[in-house]
Amino acid sequence: MKRRSWLVRSLPWITTLAIITLQEILARTGVLPNVIPPFTETVAAGWMMLPTDVFLTGLGQMLQQFAISLALGIGAGVVLGILIGVAPVLNQLFRYVLEFLRFTPSVVYIPILLLLMGARPPVAITLAAIGSTWPVLYQTYYGVVGVSPILKDTGRVFGLSRAQQIRSITIPSVSPFLATGIRIAAAHALIIVVAVQIIAAVPGTGRDIQNYAENGVFPRMYALILVVGIIGLIINGLLELLERRQLHWHASYREKQA
Amino acid sequence: MTTTTATTESTTTEATRRRGSPRFSGTIVSLILPVVILITWWFVSANSTSPFFPPLQLILQTFVEAWLSARVMSDIVPSLTRLVVGFLIAVVVGVSLGALLGRLRIAAYALNPVLQFFRSLPATSLIPVAVVLFGIGDTPKIVLIAFVSSFPILLNTIDGVRNIDPVIEDVSRSFRLTKMQRLRWVQLHAASPQVISGMRIALSLAFVVMVSSEMLGATNGMGYVTLLAQQGFQITLMWSGLILLGLIGLLVNGIFILVERKLLHWYTQNQED
């Protein structure tokens with residue numbers, strides 16, 4: 001019984017290894033076209049690249065642009081979300097404008113920003129900040145609007161001050177929504193940063209991927225994509241961890257622990 | 001968490017709509033700002049000599065001349081075809097694989113690391129790969145759009161199919177529904193709110209990938225023309241391209257919301273009780 005559970009638990013890793021091995025075999029036997037190198041070759045290329053300046057600078061720039069834009073996007077999203085949440089007039093007034101902007105993916109603005117700023121990091125930062133504003137904005141708004149009226153009344157009956165109401169009622173009600181918003185925003189920000197780097201040759205890992213693709217250095221291209229994917233996984237994991245820490249009291253997390 | 005988002009969204013919009021004054025006057029208030037912006041843009045830019053900010057009148061003229069003629073067939077239709085075909089493939093693959101994996105728990109569990117990796121991988125980093133593998137025609141774009149947008153649908157379908165109320169399952173079994181009937185009328189139906197919220201994520205992803213892949217390796221399409229216009233310093237054409245892409249984004253999402261409302265009518269109604 002015990003051995004079986006061990007086997008079951010390692011099943012995801014066994015499957016993953018099997019898929020990687022299959023890819024390796026298919027690539028080595030020439031079933032896959034030679035623009036798809038075997039997995040070991042990709043990893044070896046990545047390993048060789050790890051300590052190089054090109055790799056580290058690119059990675060640093062990508063992460064920097066990502067972090068700045070996400071911070072800006074979260075800030076703007078929370079402020080705007082609260083504003084349209086507490087003032088229905090503002091919500092009514094800005095509705096169509098916000099909706100137009102939200103449904104236009106921010107990569108659309110690449111040309112105009114390239115024109116105004118040139119192919120430099122601010123282009124990526126601005127666009128990713130805009131792109132990550134919308135999920136945070138709308139989640140904050142839903143959170144603020146959705147605060148249960150019973151809770152609000154209870155707070156008033158207990159004579160909580162305005163600050164206490166915000167601290168013990170509004171923030172806990174909004175934060176689960178905000179957490180979801182931030183997770184979506186982070187994914188958007190990374191997608192946009194990479195897109196700008198690839199399309200406009202703004203410095204960063206995205207540009208390096210495109211460089212290797214154009215010069216036919218495919219193992220390196222795939223190695224960098226692997227790195228970007230792992231970065232995506234780490235960001236997701238960190239945000240989930242943070243969410244669990246901050247929202248351990250929330251129903252959806254209590255169930256999981258039980 | 002995705003489901004919470006979807007449900008709260010629909011209920012709050014319903015609630016605000018009913019709480020506010022009659023819908024008509026609300027719409028008028030919402031129209032004020034867009035109209036003010038357009039009028040201001042029109043008059044402020046009217047005498048503009050700045051090469052970057054041409055008069056709105058010129059932009060709109062270019063919009064009509066450039067986009068509402070030959071480019072409909074040469075650029076707008078190809079772009080939309082890529083988007084729609086890619087998205088539909090993702091829906092079919094995502095829903096059917098998701099329903100399968102949602103039933104075969106062990107398979108979903110075994111494939112989890114691979115699925116999570118591709119879900120977390122920023123979709124746009126695969127654009128160079130698509131160009132390397134399939135060149136610069138329609139195929140790389142459709143394949144890429146289909147590939148990246150199938151993951152949110154797939155993962156949401158797995159979740160949705162899995163979290164069905166066991167009582168409903170028992171009832172449908174005691175009514176002796178066949179496996180196919182149960183899949184179609186019970187499991188997929190119960191999972192549909194989550195499936196559709198996955199589709200919504202997939203659609204925005206598909207749009208981003210469509211535009212960016214046309215900006216990188218393409219010979220036509222709205223993204224291609226808009227970026228090329230900037231590089232060729234045809235600034236009015238570039239602005240008109242931006243407006244077009246904005247309008248198309250609005251249109252595509254609008255259609256999706258209409259379909260969603262129709263499909264999930266029963267769901268939003270239940271939520272209101």
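The values are calculated or read from the model by the stated rules, or taken from the named source; none is laboratory data. None of the values given here were measured: they were computed from a predicted structure. Neighbour counts run over all protein chains shown; Cβ positions are idealised from the backbone, glycine included. With ligands, DNA and RNA removed, areas are computed over all heavy atoms of the protein, side chains included. Shrake-Rupley method; radii C 1.70, N 1.55, O 1.52, S 1.80 Å.
If you add up the charges near A:Ala213, with Lys and Arg at +1 and Asp and Glu at -1, over every other residue whose beta carbon is less than 13 angstrom from its beta carbon, what do you get?
Here the count lands on 0.
Compute the angle between helix A:218-246 and the longest alpha-carbon principal axis of chain A, please, reported from 0 to 90 degrees and rounded to the nearest 10.
Once rounded, the angle reads 30 degrees.
Ignoring the sites themselves, what is the longest stretch of chain A with no chymotrypsin sites (Phe, Trp or Tyr not before Pro) in a DSSP loop and at most 11 other beta-carbon atoms within 10 Å? Don't jump to the answer; show the numbers that get you there.
On the way: sites that count: A:Phe158, A:Trp249.
So the longest stretch without any such site is A:1-157.
Provide the net charge surrounding A:Val202, with neighbours chosen by a C-beta distance below 13 Å and charges set as Lys +1, Arg +1, Asp -1, Glu -1.
Details: positive: A:Arg120, A:Arg207; negative: A:Asp208.
Residues near A:Val202 contribute +1 overall.
Quick check: net charge around A:Ile169, other residues with Cβ under 13 Å of its Cβ, Lys/Arg +1 and Asp/Glu -1?
My count for the surroundings of A:Ile169 gives +3.
Roughly how much accessible area, to the nearest 100 Å², goes out of reach of solvent when B and A pair up, both sides summed, probe 1.4 Å?
5200
Calculate what fraction, in whole %, of the accessible area of the protein assembly as shown sits on carbon and sulfur atoms when a 1.4 Å probe is rolled over the protein chains.
Result for the protein assembly as shown: 69 percent of the exposed heavy-atom area is carbon or sulfur.
How fast does region A:127-258 diffuse by Stokes-Einstein, in µm²/s, taking the Kirkwood radius from C-alpha pairs at 10 °C and 1.306 mPa s?
The calculation lands on 91 µm²/s.
Using a loss threshold of 50 Å², tell me which positions in region B:95-127 are less accessible in the complex than in their chain alone. Probe radius 1.4 Å, ligands and nucleic acids ignored.
B:Tyr109, B:Ala110, B:Pro113, B:Phe117, B:Ser120, B:Pro122, B:Thr124, B:Ser125
Looking at chain B, which longest stretch skips every one of the chymotrypsin sites (Phe, Trp or Tyr not before Pro) that is in a DSSP loop with at most 15 other Cβ atoms within 10 Å, leaving the sites themselves out?
The answer is B:53-174.
Given only helices, namely DSSP H runs of n ≥ 4 each adding -39500 (n - 2.57), what is the per-residue ellipticity at 222 nm of chain B, to the nearest 500 deg cm²/dmol?
-26000 deg cm²/dmol
Take the eigenvalues of the Cα gyration tensor for region B:138-273, scale each by 5, and report the square roots as semi-axes in whole Å, largest first.
Semi-axes, largest first: 41, 17, 9 Å.
Express the Stokes-Einstein translational diffusion coefficient of the protein assembly as shown in µm² s⁻¹, to the nearest whole number, given a Kirkwood radius over alpha-carbon pairs, 10 °C and a viscosity of 1.306 mPa s.
Answer, rounded: 63 µm²/s.
For chain A, take the longest principal axis of its alpha carbons; what is the angle in degrees between that and the long axis of helix A:53-86, to the nearest 10 within 0 to 90?
Roughly 20 degrees, rounded to the nearest 10.
Answer rounded, prolate or oblate for chain A, using the Cα gyration tensor with square roots of eigenvalues a ≥ b ≥ c: rounded when a/c is under 1.5, else prolate when a/b is larger than b/c, else oblate.
It comes out oblate by the Cα gyration axes.
Calculate, for region A:1-114, the solvent-accessible area per residue in square angstrom, rolling a 1.4 angstrom probe over the heavy atoms of the protein chains.
Working: 6720 Å² over 114 residues.
I get 59 Å² per residue for region A:1-114.
Of the trypsin sites (Lys or Arg not before Pro) in region B:174-244, which ones lie in a loop per DSSP and count no more than 13 other C-beta atoms within 10 Å?
Answer in residue order: B:Arg176.
Show me, bin by bin at 5 Å from 0, the whole-percent P(r) of region B:194-273 based on Cα pairs.
All Cα pairs, binned at 5 Å, distribute as 3, 14, 19, 18, 13, 10, 8, 6, 5, 3, 1, 0 percent.
Take each uninterrupted DSSP H stretch in chain B, measure its Cα extent along the helix axis, and return the ones at 27 Å or beyond whose mean Kyte-Doolittle hydropathy is at least 0.5.
B:23-46, B:77-103, B:138-162, B:188-216, B:235-263
Anything losing 30 Å² or more of accessible area from the isolated chain to the full protein assembly: pick those residues out of region A:150-197, probe 1.4 Å, ligands and DNA/RNA ignored.
Hits at the 30 Å² cut-off: A:Phe177, A:Thr180, A:Ile191.
Over chain B, what number does the Rg to Rh ratio reach, with both radii from the alpha-carbon atoms and Rh per Kirkwood?
Result for chain B is an Rg/Rh of 1.05.
Averaged per residue, what accessible area in Å² does region A:127-166 show with a 1.4 Å probe, protein chains only?
Solvent-accessible surface per residue comes out at 48 Å².
Taking Rh as the Kirkwood radius, which is the inverse of the mean 1/r over Cα pairs, what is the Rg/Rh value for region A:92-179?
1.19
Rounded to the nearest 20 debye, what is the charge dipole size of region A:1-159 about its Cα centre when +1 sits on each Lys and Arg Cβ and -1 on each Asp and Glu Cβ?
In debye, rounded to 20, region A:1-159 gives about 600.
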